[in-house]
Amino acid sequence: MTEQAQLESVLTLLADGKPHLLPPMSAQQRAEVLQQLKVWGLTVERLEDQIYQLSEPLNLLDQSAINRTLAYGTALVLRSVDSTNEFLLQHKTLPSGTICTAEMQTAGRGRRGRQWHSPFAQNLYFSLLWHFRQSAERLQALSLVVGICLADTLSELGVANISIKWPNDIYLDGRKLGGILIESRAFAAQKQELVIGIGLNLSMRQADGVAIEQAWANLNESAVRIERNQLVATLANNLQHVLLQVEQHGVAPYLQRWRQYDHFYQKPIKLLLPESELHGIGQGIDSDSGELLLQTADGQLQRFHIGEISVRPLPAQT
């Protein structure tokens, strides 16, 4: 049995969180397997000779189970990867519709190159490769469409109090649940190769989230329990359907529904721009372009295609 096969065997065996006798292997092989589990951030307790137990059970991703429920494309499940987005960008020959998901990322990234915290088997790290038959101009508001699709998917699965922060963050009960990162490159006239990345907190421990600079939430705080493989397959099926619709009808039919999930509609916000910041009242988005609409103190309605809504408290009004 190869080293990787031994690692998979032990991980699968211990995933239920119960005590288990490890399969036969040399002392050195056992030490290497246990060390790799430690590198992944897992705590393995030795109860007695060759009997071990994980400190908590794991809901591992199952490539076969996901693929059985996909309507289109193929899912690849990795235990560890630098970034699911980067994996798809580097493997250029994979067909459109390929999904990559992983138990952990060692170099996960969010918008503007920020680190995306990615501990083992606690969250969802999901990327979809798609050959989009439209020009780059049609992609400007696509992250908003993906956000609406993600919010719809969570609502379909029974999660309440889901909202979206323009342009690409998903909220649960007013706290950040996840985010979206879309990367693209042209590969033919009127065609774009897209990688759509989605990260969701599912059951991240408080100790693993200390570096996150804003209030955050876990999906398991909601009243429903969603199995990770079900979430991957449902999201993939819904997202692929939405992308096909956007190719045929554009983004406007989806953007018209933005207000349903807009977390900052008619609320005071601070918009961070590259060289300045602006205060005002959120008035939704332009349903054709996806631009943020901000009503400033002088009553003007301004439009922005770049910027970031600050989640820090606004200064007191005098």
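The values are calculated or read from the model by the stated rules, or taken from the named source; none is laboratory data. It should be emphasised that the depicted structure is a prediction, and the values quoted were computed from it without experimental measurement. Every residue, glycine as well, gets a Cβ built from its backbone with ideal geometry; the counts of neighbours run over all protein chains shown.
Quick notes
- Test for SER289: is it modelled with pLDDT of 90 or more and of a type outside the set (A, V, I, L, M, F, W, C): yes
- Pick from the range 249-286, criterion of a type in the set (A, V, I, L, M, F, W, C), touching a helix residue (DSSP H, G or I) at 6+ places or on another chain (Cβ under 8 Å) and at pLDDT 95 or above, ranking: farthest from GLU156 (Cα to Cα): ILE285
- Enumeration of residues in the range 1-32 that are within 27 Å of the chain's Cα centre (by Cα) and among the small types (Gly, Ala, Ser): ALA15, GLY17
- Subset of the range 256-307 that is assigned to a strand (DSSP E or B) and among the acidic types (Asp, Glu) - its residue that is nearest to ASP169 (Cα to Cα): ASP262
- Among helices (runs of 4 or more DSSP H) entirely within the range 24-99, having at least 2 residues that are exposed (fewer than 13 other Cβ atoms within 10 Å of the Cβ) singles out 27-39, 63-68.
- Cβ-Cβ under 8 Å pairs, at least 6 apart or on other chains, the range 87-98 side touching a residue at least 60 places away in the same chain (Cβ under 8 Å), far side buried (at least 18 other Cβ atoms within 10 Å of the Cβ) and assigned to a loop (DSSP other than H, G, I, E, B): LEU88/THR98; GLY97/GLY73
- Taking the conditions (1) free of Cβ contacts under 8 Å to residues at least 24 places away in the same chain; (2) assigned by the TED database to the domain that holds GLN302; (3) among the hydrophobic types (A, V, I, L, M, F, W, C) in turn, LEU244 satisfies each one other than (2).
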